[in-house]
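Only one structure is covered here, and it is reproduced in the block below.
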């Protein structure tokens, strides 16, 4: 709890002065609002009813300057003006408070959001593979919002309530001790009541929230599954199911509202009772001359002013509990270690031969994914990788971008050990196209140029042409300016892959990796893309993971992986001579050419 | 979920909308009338308290007598009790009206959603509908109930104060309330600006959510492209405008509140000045007043300014409530594109009250007669399409994306209806029977199987709601799902998770097969999955498909070679026409389109299968 509170204070870094300022101003405004009843008291008691009074010297002097009490009585407008002036200054302070606290809390919220976004991007690749997106987004949005709301409104309110309570009590004590004790009699009661109530009602709030979540889940499920609903003619069933959740939520909220109705009516009752007490006692004491009417008015005003913030305090304090929980949840994200950056990493040119020397890799200890992999690729060669699911093909490719670091052996590019090369530098020069690429909700053009902000139109068109997607894009109504995603076109899997290829090759990387990223493209387009790439540069070393025999057969080296081991390697001509995976796939292909697939279908 | 919720506001008051909204308020007329009554009472009591104080001042304090103080205290206590009760009624009744109205609107909305045709779902994102059903419905309920409470309370209190002040001292009342017209104008102006500002903030907020979403979903891609800085810059732009907008709104309300208090201060200062003179008997305009009256005026002036800001806020909110109403009702009022004719409904019942005893048995013959079809505002997909299928036949549809395969299937399911020609089931146009009749006799398995959260048992039972556990198990056994289900810790009671998220794709498919089989439909439609699943499951699924198809008229959008081979007839669809038709062997022999498709696509899958078999 205390640790989280410290974290909250830490979040306010850079804006603490603004906060302090706004609390000071809200304090000043509060004090001024306590002055108004005093002015009225003075006007009524001293000016109108001519009671003598001890005034501080400076006030006494001012009043004398205005012609004394007699002068004031003839010019009552001065009292009115004083009241108005106080109100205006009060308003000015309130304005400054509002502006500063908004500035402070919004700056903190912005900083927090930016930090979160930045940190999430810097998390290691592995975290993103395993991430629970929904939970993460929840933390980044609603938890930040909880903190922001607390900082922007409630914290200052809390300060105000405390200042108000102390200042009012001091002034009241100065006027009449007995009246004071009666006036604040219910304060502890109402405060405890509020606090206990809001802690108790948390459960009801939580229940209602959960029920609302269930309601929207049911709705979402039923809408996304509308085909199933219709296909089985389950409208009535769905309707009943929805109605169940809908009425459950209705009843829970209704119950919650009844609880709140009870709270507010009871606390209103207590507050009114308190005011009544002050009126009756005030009347009694004023009638018997122990206090003046003006005194009683001050008490009445203060009591009304005090009760509202105190009733709110129960809520603010429970909200503070929630805020601290949110702070903890956010801190968990920020505490997850980001990708490490080695200080001594080099930014060597990424070119030359690539040598794998007994490379081992495991995601977790004792569970090897790659074992003792050794092979050499010359610059400009095309390497095809074949292997069953889970054989380690993708992991092998991820190593080349240092998305993961190998755990044993060595990989060198042009003689430089891969682990010594700066990660970001490396990634900029090694183009990796994922099998299921993510396109951003921008225009197609922006998507293609995303890794190369200063790319000209010609470069973008050229890249799309090589990726065989230019003509597809041109056919869209808005061409390259067509937005991708929910508000724009929905691209097919193959189109997405080709856009992803375009955005990768635009960088002219010296190493290109296609992680099964032509799988949704038809065979002819696949061949065309590869041909264009070769035409463009003979210096680019290319790795291709594919199931396609036509793709595999054209490579300079074919690597066959199984259970993390390199079991075969060589050219197409070498491998069709050896019995093994490659040969089997090849033989199916050739036999099918003769239309005999049924008979050649391997025994299952 | 759609992040960008449109927030269009028409300025004009749309009475037809409000009329429709009032229909939802009608069941609660009694409560609403009661609310207004309680509100007036609350307002009156609020006005009464200062009068009590005035009485105390003039009769006890000024006279220095305590006669009747006990009765006075009793009356005070009574008022407190009444007010306590009022508040209780106000909150609980208004709250009840709110939640019940929201419930009703959601209920009506959901019921209509159950009837809307697929063309609606095709062009309306689920997120949009969700927003209508959740936040818009909520806002409507809130506005009607709490808006009414606040308005009634505010107005009754203001009217009460005006009456009392005017009867106490007309001239002083006019002086005290001189600034009110100005306050009304200023309040309306500011509340509108503040609400507009909040609207901008909300919009930017959903952009931030969207950006987080994208940042997290695309994190892997970002890393491979080294795009972190660019993304962060763009993100900072959004959070920057969020900050600027939020501060702007905060400043606007920070200006507004002091203006209200200052105007109140002017009123108060005038009362103190003029009233004070009146108390001293120096004021020729207002005459002589008592101390109690002055006190009452001071209290009333402060009290009067309170509800004005609130009322202005409600009027500004009404505008956004109208926009909510517009969106909700646009959904509820969407006409049904596919609807049974009144005659059909009378004979077979509708989706909610079917007359099952009137339903004919399905034989299984299906015929397309010169069917043409175009999606609304789209190109012609099918033209003059004819096809005869005998009961029990298995038809495989093969063709590229967009060739019209899915359209044919959608037409069979009557998710869409032909725009020309007719589809006959057992020799009768299917529009002469109810939608539910057809769909109750239909088994439908989607390529991306959709399961509902709940147990496996619940999901299979979806096919036949009164299925016994034995029937469920039998269905699961038939499709070879029983083995994997019984291996799970909780067996058939295993929760599948939201959208079936806790199951693998293959498991989901098997469960969705069992779901279709348990209904024992005469017609079967299968949109085969292309997504890769592990070899073992794939084999299981293949055998399951064979079993499911036996004895049913079935249509398969086929991707797997083994499925296609087992079909009685293969239709190769290109641009909405059947260009080749026959068995696998016939078609290969033709060396035409099918042959090319086969060598290009299916062989590759065979290759992939071998890889997975390792």
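Figures for the structure shown
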item: The stretch B:527-545, subset at pLDDT 75 or above and away from every other protein chain (no Cβ under 14 Å), residue surrounded by the most Cβ atoms within 10 Å (Cβ to Cβ); result: B:545
item: Some residue of the stretch B:414-427 being surrounded by fewer than 23 Cβ atoms within 10 Å (Cβ to Cβ) and within 9 Å of another protein chain (Cβ to nearest Cβ); result: no
item: Residue check for residue B:375: farther than 19 Å from residue B:519 by Cβ, in contact (Cβ under 8 Å) with a residue 60 or more places away in the chain and in contact with a strand residue (DSSP E or B) (Cβ under 9 Å, 6 or more places away or on another chain); result: yes
item: Residue match in the stretch A:369-386 (condition: free of Cβ contacts under 8 Å to residues at least 24 places away in the same chain and at positive phi); result: no
item: Any hit, the stretch B:483-505, residues being at pLDDT 85 or above and within 24 Å of residue B:396 (Cβ to Cβ); result: no
item: Members of the stretch A:451-482 found to be out of contact with any helix residue (DSSP H, G or I) (no Cβ under 6 Å at 6 or more places or on another chain), part of a loop (DSSP other than H, G, I, E, B) and surrounded by 17 or more Cβ atoms within 10 Å (Cβ to Cβ), listed by number; result: A:452, A:455
item: Test: residue in the stretch A:526-546 that is in contact (Cβ under 8 Å) with a residue 40 or more places away in the chain, within 30 Å of residue B:126 (Cβ to Cβ) and within 14 Å of another protein chain (Cβ to nearest Cβ); result: no
item: Test: residue in the stretch A:452-460 that is within 9 Å of another protein chain (Cβ to nearest Cβ) and under 23 Å from residue A:129 (Cα atoms); result: no
item: Filter result for residue A:236 (closer than 25 Å to residue B:134 by Cα and within 8 Å of chain B (Cβ to nearest Cβ)); result: yes
item: Residue B:192 in a helix (DSSP H, G or I) and either at positive phi or more than 10 Å from chain A (Cβ to nearest Cβ) (or both); result: yes
item: Single residue of A:334, A:396 found to be surrounded by 16 or more Cβ atoms within 10 Å (Cβ to Cβ) and either in contact (Cβ under 8 Å) with a residue 60 or more places away in the chain or under 35 Å from the mean Cα position of the chain (by Cα) (or both); result: A:396
item: Any hit, the stretch A:49-58, residues being within 17 Å of residue A:168 (Cβ to Cβ) and either without any contact (Cβ under 8 Å) to a residue 60 or more places away in the chain or crowded, with 21+ Cβ neighbours inside 10 Å (or both); result: no
item: Test: residue in the stretch A:313-331 that is under 22 Å from residue A:29 (Cβ atoms), surrounded by fewer than 19 Cβ atoms within 10 Å (Cβ to Cβ) and within 11 Å of another protein chain (Cβ to nearest Cβ); result: no
item: Residue B:206 at pLDDT below 90, out of contact with any helix residue (DSSP H, G or I) (no Cβ under 6 Å at 6 or more places or on another chain) and assigned to a helix (DSSP H, G or I); result: yes
item: Tally of residues being within 30 Å of residue A:150 (Cβ to Cβ) and more than 7 Å from chain B (Cβ to nearest Cβ) across the stretch A:50-89; result: 1
item: Residue tally, condition under 30 Å from the mean Cα position of the chain (by Cα), at the interface with another protein chain (Cβ under 7 Å from one of its Cβ atoms), more than 30 Å from residue A:261 (Cβ to Cβ) and surrounded by 18 or more Cβ atoms within 10 Å (Cβ to Cβ), over the stretch A:201-233; result: 4
item: Subset tally (residues that are under 42 Å from the mean Cα position of the chain (by Cα) and not in a strand (DSSP E or B)) for the stretch A:537-581; result: 6
item: Qualifying residue in the stretch A:427-438 (condition: out of contact with any strand residue (DSSP E or B) (no Cβ under 8 Å at 6 or more places or on another chain) and within 18 Å of residue A:349 (Cα to Cα)); result: yes
item: In the stretch A:406-426, the residues that are away from chain B (no Cβ under 14 Å), buried (at least 18 other Cβ atoms within 10 Å of the Cβ) and touching a residue at least 40 places away in the same chain (Cβ under 8 Å); result: A:406, A:411, A:412, A:413
item: Wholly within the stretch B:407-524, helices (runs of 4 or more DSSP H) carrying at least 3 residues that are closer than 28 Å to residue B:384 by Cα and in contact (Cβ under 8 Å) with a residue 60 or more places away in the chain; result: B:435-440
item: In the stretch B:172-182, residue surrounded by the fewest Cβ atoms within 10 Å (Cβ to Cβ) [restricted to those that are away from chain A (no Cβ under 14 Å) and part of a helix (DSSP H, G or I)]; result: B:181
item: Output for the stretch A:372-402, where each listed residue is within 12 Å of chain B (Cβ to nearest Cβ), part of a loop (DSSP other than H, G, I, E, B) and modelled with pLDDT of 90 or more; result: A:401, A:402
item: Residues satisfying the stated conditions in the stretch A:490-515, i.e. over 19 Å from residue A:460 (Cβ atoms) and either in contact with a helix residue (DSSP H, G or I) (Cβ under 8 Å, 6 or more places away or on another chain) or assigned to a helix (DSSP H, G or I) (or both); result: A:493, A:494, A:510, A:511, A:513, A:514, A:515
item: Unique match (being assigned to a helix (DSSP H, G or I) and either surrounded by fewer than 14 Cβ atoms within 10 Å (Cβ to Cβ) or within 7 Å of another protein chain (Cβ to nearest Cβ) (or both)) among B:81, B:94; result: B:81
item: Unmet requirement for residue A:262, which otherwise passes all of (1) part of a helix (DSSP H, G or I); (2) crowded, with 21+ Cβ neighbours inside 10 Å; result: (2)
item: Given (1) out of contact with any helix residue (DSSP H, G or I) (no Cβ under 6 Å at 6 or more places or on another chain); (2) at pLDDT below 90, number of the condition residue B:278 does not satisfy; result: (2)
item: Qualifying positions in the stretch B:136-170 - more than 30 Å from residue B:58 (Cβ to Cβ) and without any contact (Cβ under 8 Å) to a residue 40 or more places away in the chain; result: B:138
item: Residue count for the stretch A:102-123, restricted to those that are within 8 Å of another protein chain (Cβ to nearest Cβ) and farther than 30 Å from residue A:402 by Cβ; result: 6
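The values are calculated or read from the model by the stated rules, or taken from the named source; none is laboratory data. A quick note: this is a predicted structure, and the numbers were derived from the prediction, not measured. Note that we place each Cβ from the backbone using ideal geometry, even for glycine, and neighbour counts take in every protein chain shown.
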